[in-house]
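Below is one structure, written out as structure tokens; comments come after it.
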Amino acid sequence: MKKINILGVGNALVDKQFLIEDSFLDDISIQKGTMGLCESNYQEQLFKKLSKHFKNSQNACGGSATNTIFAASSLGSSCGFLGKVARDSNGKFYKKDLEEIGIQNNIISDGEENTGTCLIMISPDAERTMSTCLGISADLNLSDIDENLINNSEIIYLEGYLVSSDSCFETSKKIIKIGRERNIKISISLSDPNIVNSFKNRLESWMAMPIDYLFCNFEEAKAFCESEDIETIKNALLAVAKNIFVTDGSNGAFVITKKFTKKINGFPAEAIDTNGAGDMFAGGVLNLISKERKLEEAAKFGCFLASKGVEIIGPRLKPKDYLELYEKFIKIN
């Protein structure tokens with residue numbers, strides 16, 4: 001039996017969150033609901049503007065893959081993480097955060113860049129818009145990685161954001177190759193419509209051989225398949241993945257395989273922040289998949305977990321809350 005159920009691979013970022021008005025996005029010409037990459041100087045200026053007009057919540061460790069495995073680990077999965085932070089205060093904060101919940105990692109690295117940061121702007125309708133400076137997280141190389149973490153894993157989960165960096169993209173391709181050679185299941189998230197539109201060829205190269213699990217929302221699916229027709233989307237995604245989870249906000253999600261397509265209803269929620277909802281969904285799903293539960297049950301729990309996640313500020317619940325919610329989910333289903 002492998003020691004690690006789920007190994008996340010992604011950009012290690014410290015989140016700085018702000019509750020904003022939509023007019024602010026118009027003023028800075030950022031498209032609502034997307035993630036944009038920026039240089040540190042631009043982000044510093046944006047941070048000053050945000051701090052002048054809006055209250056900054058407490059810093060939090062983020063990054064899509066990290067949020068996913070944080071959820072899975074809190075639910076009882078044994079998890080690891082491959083990413084990169086600097087030896088600065090943010091980097092030490094990040095590494096400590098993973099270690100406190102038992103996530104195996106070797107992410108601290110020397111380098112000139114700082115730890116990556118993400119400014120998360122949360123609109124009144126709970127939609128999140130992100131401005132990300134990848135920092136040293138964009139310089140992930142195979143030499144940074146302890147291959148034992150790969151060898152000892154059952155599932156490797158890669159966030160789509162990795163394709164935006166040449167170094168991370170090439171390293172991720174090698175990680176996928178190593179995983180396939182060792183019969184490790186490969187799982188990928190498309191992450192963001194802008195990422196799909198800008199780096200579709202790179203994402204396709206990750207899935208030149210069909211992967212085991214694909215996570216995306218409808219906007220990402222439409223961008224990847226270049227279609228809004230449901231049957232076209234379904235067939236295109238089945239060409240690159242065996243099992244597919246397509247989330248649709250409060251409407252729930254779809255589970256798609258060659259044998260069946262099933263609609264999973266969403267759960268009612270008083271949403272105030274959708275940041276991390278997709279990551280929380282994936283974490284809940286992967287946790288149950290690693291326990292060999294049915295895909296439909298895993299997706300239903302993922303929807304339930306995400307419905308609770310959007311009711312708080314930030315991409316994560318408290319560690320103890322995850323298991324409590326799973327117990328509640330079992331009782332009502």
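Can you check what the net charge comes to around Lys95, using other residues whose Cβ is under 12 Å from the Cβ of Lys95 (Lys, Arg +1; Asp, Glu -1)? Please list the in-between numbers first.
On the way: positive: Lys84, Arg87, Lys92, Lys96; negative: Asp88, Asp97, Glu99, Glu100.
Its environment carries a net charge of 0.
Sort Ile332, Ile4 by Cβ crowding within 10 Å, fewest neighbours at the top. Don't skip to the end; give the middle numbers.
Details: Ile332 7, Ile4 25.
Exposure proxy ranking, most exposed first: Ile332, Ile4.
Within 15 Å, Cβ to Cβ, of Ser109, how many net charges do the neighbouring residues add up to if Lys/Arg are +1 and Asp/Glu are -1? It would help to have the intermediate numbers written out before the result.
Values: positive: Lys84, Arg87, Lys92, Lys95; negative: Asp88, Asp110, Glu112, Glu113, Asp139, Asp144, Asp146.
Once positives and negatives cancel, what remains is -3.
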Item to check | Only Lys, Arg (+1) and Asp, Glu (-1) charged, at Cβ; the range 4-332 dipole about Cα centre in debye | outcome: 920 debye
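Going by average Cβ neighbours within 10 Å, how do the peptides 228-240, 140-152, 282-294 rank, with the highest at the top? Intermediate results must be reported in sequence, preceding the final value.
Details: 228-240: 14.8, 140-152: 16.5, 282-294: 22.5.
Descending mean neighbour count gives 282-294, 140-152, 228-240.
Hey, any idea what the orientation-averaged projected area of the convex hull of the range 1-152's Cα atoms comes to, in nm²?
Details: hull surface 37.9 nm².
That works out to 9.5 nm².
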Item to check | Estimated distance in nm for a label pair at Ala236 and Glu100, the labels positioned 7 Å out from Cα along Cα-to-Cβ | outcome: 4.2 nm
Checklist entry - With each pseudo-label sitting 7 Å past Cα toward Cβ, what's the Gln31-His53 distance in nm, one decimal? => result 2.1 nm
Checklist entry - How much net charge surrounds Asp144 when only the other residues with a Cβ under 12 Å from the Cβ of Asp144 are counted, with Lys and Arg +1 and Asp and Glu -1? => result -2
Checklist entry - Under 16 Å Cα-Cα from Lys32, which aspartates and glutamates qualify once same-chain neighbours fewer than 8 residues away are excluded? => result Glu21, Asp22, Asp125, Glu127, Asp192, Glu219, Glu220, Asp273
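Hey, how much of the P(r) for the chain falls beyond 26 Å, as a percent of Cα pairs?
Numbers: 23746 of 55278 pairs.
The calculated P(r) of the chain puts 43 percent of pairs beyond 26 Å.
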Next on the checklist: Can you compute the modelled spin-label distance between Asp212 and Asn197, with each label point 7 Å from Cα toward Cβ, in nm?
Outcome noted: 3.3 nm
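How large is the dipole of the range 17-65 about the Cα centre if only Lys and Arg carry +1 and Asp and Glu carry -1, each at its Cβ, rounded to the nearest 20 debye? Walk me through the numbers before you get to the answer.
Details: 5 positive and 6 negative charges, 36 e Å.
Computed charge dipole of the range 17-65: roughly 180 debye.
Please tell me which of these pairs span more than 31 angstrom C-alpha to C-alpha: Lys95/Lys174; Lys55/Lys173; Lys95/Lys331; Lys16/Lys320; Lys49/Lys300?
Lys55/Lys173; Lys95/Lys331; Lys49/Lys300
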Item to check | Over 25 Å [Cα-Cα, the range 136-288], rounded percent | outcome: 29 percent
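Just so you know, all these numbers are worked out from the coordinates, no wet-lab data involved. Everything numeric here is computed off the predicted structure, so don't read it as measured data. Cβ: placed from backbone, ideal geometry, glycine included. Neighbour counts: every protein chain shown.
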